[in-house]
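First the structure, in the form of structure tokens, and then the observations on it.
The values are calculated or read from the model by the stated rules, or taken from the named source; none is laboratory data. This is a predicted model, so every value here is computed, not measured. Cβ sites come from the backbone with ideal geometry, for glycine too, and all protein chains shown count toward neighbours. When the accessible area is computed, the model is the full protein with side chains, heavy atoms only, and any ligands, DNA or RNA have been set aside. Shrake-Rupley method; radii C 1.70, N 1.55, O 1.52, S 1.80 Å.
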Amino acid sequence: MNDINTSVLVIDDEELVRDNIEEILAPLKNTQHDDFMNEAASILFDAPRPLLAPRTSNIPVFTVDKAANGMEGLDKVKKALQNGTPYAVIFLDMRMPGWDGLETAIKIREHDSKAEIIFITAYSDRSIDEIVEKAGQNVGYHCKPYASEEIIQLATKAVTDYSRLRNLEKLIESISSIGLNKNQLNSLLKNILDQLANSVDTDMALLGKLHDDYAYEKVISIGAMEEKINLEELVNRVKDIKINEEEVLQIDELVLARMDDYSVFAVLKKQERLKTERMYLLKLFVQNAAQAIRNAELNEKLLQKEKLSAVGKAMGMVMHDLRSPVKNIKLIAQLMREENAHDEWIDMLEQSADQASEIFDDFLDFIKETSVKKQPVQIGQMIAAAIQQSAVHPYAAQVKLSKDLQESLAVLGDESKLKRSIGNLLNNAFEALKDHHVANPAVRISAVKSQDMVVITIADNGAGIPDAISRTLFEPFVTRDKSNGTGLGLAIVKQFITAHNGNITVENNNGAQFIITIPLM
């Protein structure tokens with residue numbers, strides 16, 4: 001208890017009241033006079049006990065300052081703030097000459113919105129609702145006459161509440177500088193948001209992200225907030241707010257912070273008296289949470305790069321050792337042809353060797369982020385070759401594959417990498433249909449011209465992409481609900497398509513639907 005702020009200011013025009021509260025909260029040490037009083041009490045009463053009982057150890061050691069009127073009290077508040085020793089509790093008389101208690105509280109709030117104010121009065125012309133509305137929710141109200149124990153209880157609770165909120169404030173300020181991964185950060189943010197919701201007397205809160213394409217992503221929620229509010233209406237409300245990067249805005253129960261390519265917002269359950277000085281904690285929370293989320297994302301990307309670097313080194317060694325056996329397979333196929341052995345199996349053997357070499361090259365190009373060598377590529381032929389390569393997938397025969405390929409579509413690109421991208425998406429579709437035991441599995445692939453772009457669509461009738469990974473699907477090592485896979489396939493596809501000045505997106509439409517757009521020649 002001695003580590004918390006226990007500074008108290010008593011503002012009352014009656015000197016007797018000021019001195020009495022000071023004596024209750026910060027009593028002088030026992031004097032000879034006190035000993036005489038206790039001795040007299042032991043003579044006069046049947047059950048002798050000290051008249052001035054010693055304080056128990058769980059009561060804070062208060063320091064008390066006094067002011068005779070509102071102006072003097074305000075001056076002491078300002079000086080305390082300047083010295084870095086703000087008051088935790090202010091006992092304030094309501095009826096005083098000059099500024100009354102409420103007017104004094106309003107003046108104090110202009111400089112200190114955090115102190116706990118306790119009105120002590122015998123009579124007030126103001127209603128409690130008016131006091132709370134103008135002086136804030138962190139106020140108390142107690143009527144004269146009072147008992148010493150009541151003053152001690154009020155002051156103890158007030159300094160405890162003040163300390164708890166200051167600790168929460170420091171914790172909030174620290175989250176933007178703590179290096180955590182996404183799961184660790186979300187656990188911390190949920191704990192803080194829960195405390196924050198309690199501090200403003202609400203049992204529901206929501207922290208979410210709104211991306212530049214206006215797609216909503218929940219970060220954390222407290223209570224049944226998502227079921228109680230209209231998310232579409234909330235997203236539209238956030239969309240309509242104009243906010244600059246790194247800016248933080250507060251509008252009623254909504255607080256919004258803007259990052260590079262998305263906004264982070266928090267909203268509390270709307271109710272009476274939600275407009276309180278403690279809402280600044282929510283604003284502080286969103287500001288720091290937004291930065292912490294961005295830091296966690298950057299940390300994840302750094303870890304991805306480190307993992308890719310390690311994988312690249314390991315795969316480089318493996319591929320170096322495998323290149324010779326793969327080249328020998330092709331050499332053996334050529335020797336068999338020279339011996340006049342002609343068979344479609346030899347052609348397939350040679351194609352498989354070439355395909356293995358291409359996989360090695362593509363993977364190393366992905367790790368090294370090598371630029372593509374562009375040549376004219378016929379889209380229809382490239383997709384047909386990708387379909388033929390994917391036909392060896394164990395589940396391909398079980399899937400009904402339909403295609404709709406517009407003729408004479410050509411792009412400048414690397415045919416091997418484009419073919420690898422299409423083949424990867426087809427194999428992923430086969431895997432998803434197999435793993436989810438989809439009845440009547442089907443995959444549809446189309447290629448059409450749209451203005452100066454070719455649009456390639458690969459769609460299946462499976463379960464679609466889980467919401468939890470939809471926004472990070474093309475990042476390295478992201479995989480879920482697959483019987484096998486490294487989590488690198490779609491990251492490689494994304495890099496290859498981007499290297500062609502193209503774009504790839506995914507959406508759920510009665511199954512997963514991948515859409516690739518690449519500029520035409």
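List the pairs whose first member sits in region 453-470 and is under 19 Å from T498 (Cβ atoms) and modelled with pLDDT of 90 or more, whose second member is assigned to a loop (DSSP other than H, G, I, E, B) and open to solvent by 20 Å² or more (accessible area, probe 1.4 Å), and whose Cβ atoms are under 7 Å apart, counting only residues at least 6 apart or on separate chains?
Sorted first by the residue in region 453-470, then by its partner, the pairs are M453/L520; V454/L520.
For N5, are the conditions met, namely being in a loop (DSSP other than H, G, I, E, B), surrounded by 14 or more Cβ atoms within 10 Å (Cβ to Cβ) and at pLDDT 90 or above?
yes
Can you name the residue in region 287-298 that is among the polar types (S, T, N, Q) and within 18 Å of Q195 (Cα to Cα) and is also surrounded by the fewest Cβ atoms within 10 Å (Cβ to Cβ) among such residues? Show your work before the answer.
Taking region 287-298 first, the residues among the polar types (S, T, N, Q) are 287-288, 291, 295.
Going one step further and asking which of them are within 18 Å of Q195 (Cα to Cα), we end up with 287-288.
Values: Q287: 19, N288: 22.
Checking each candidate, the answer is Q287.
Take the residues in region 166-179 that are surrounded by 15 or more Cβ atoms within 10 Å (Cβ to Cβ) and in contact (Cβ under 8 Å) with a residue 60 or more places away in the chain; name whichever of them is farthest from V10 (Cα to Cα).
Going through region 166-179, the residues surrounded by 15 or more Cβ atoms within 10 Å (Cβ to Cβ) turn out to be 166, 168-169, 171-172, 175-176.
Now drop any that are not in contact (Cβ under 8 Å) with a residue 60 or more places away in the chain, which leaves 166, 168-169, 172, 175-176.
Details: R166: 21, L168: 26, E169: 26, I172: 31, I175: 36, S176: 38 Å.
Only one residue fits best here, namely S176.
Considering only region 322-368, state which residues are assigned to a helix (DSSP H, G or I), open to solvent by 80 Å² or more (accessible area, probe 1.4 Å) and either among the charged types (D, E, K, R) or touching a residue at least 60 places away in the same chain (Cβ under 8 Å) (or both).
K327, E338, E344, K368
For S113, state whether it is modelled with pLDDT under 90, hydroxyl-bearing (S, T, Y) and over 18 Å from D12 (Cα atoms).
Against the criterion (modelled with pLDDT under 90, hydroxyl-bearing (S, T, Y) and over 18 Å from D12 (Cα atoms)), S113 qualifies.
Does region 161-176 contain any residue that is over 30 Å from V64 (Cβ atoms) and modelled with pLDDT under 80?
Within region 161-176 (the criterion being over 30 Å from V64 (Cβ atoms) and modelled with pLDDT under 80), the answer is yes, since at least one residue qualifies.
Inside region 403-521, counting only strands (runs of 3 or more DSSP E) that do not spill past its ends, which hold 3 or more residues that are open to solvent by less than 40 Å² (accessible area, probe 1.4 Å) and at positive phi?
Here the list is empty.
Please find, among L274, L284, the residue that is open to solvent by 10 Å² or more (accessible area, probe 1.4 Å), at pLDDT 75 or above and hydrophobic (A, V, I, L, M, F, W, C).
Result of the check over L274, L284: L284.
One residue is enough: does region 141-158 have a residue meeting the conditions over 23 Å from D3 (Cα atoms) and in contact with a Leu (Cβ under 8 Å, 6 or more places away or on another chain)?
yes
Can you work out which of the residues in region 63-94 that are of a type in the set (V, I, T) and farther than 11 Å from V8 by Cβ is modelled with the highest pLDDT?
My answer is V77.
Taking the condition in a loop (DSSP other than H, G, I, E, B) and either modelled with pLDDT of 85 or more or surrounded by 13 or more Cβ atoms within 10 Å (Cβ to Cβ) (or both), does T56 pass?
On the way: in a loop (DSSP other than H, G, I, E, B): yes; either modelled with pLDDT of 85 or more or surrounded by 13 or more Cβ atoms within 10 Å (Cβ to Cβ) (or both): no.
So T56 fails the test.
Quick one: what pairs do we get from region 79-108, first residue farther than 19 Å from L25 by Cα, second among the polar types (S, T, N, Q) and buried (at least 24 other Cβ atoms within 10 Å of the Cβ), C-beta under 8 Å, 6+ apart or different chains?
M96/T104
Assess whether S163 counts as being hydroxyl-bearing (S, T, Y) and either within 24 Å of R471 (Cβ to Cβ) or open to solvent by 40 Å² or more (accessible area, probe 1.4 Å) (or both).
no
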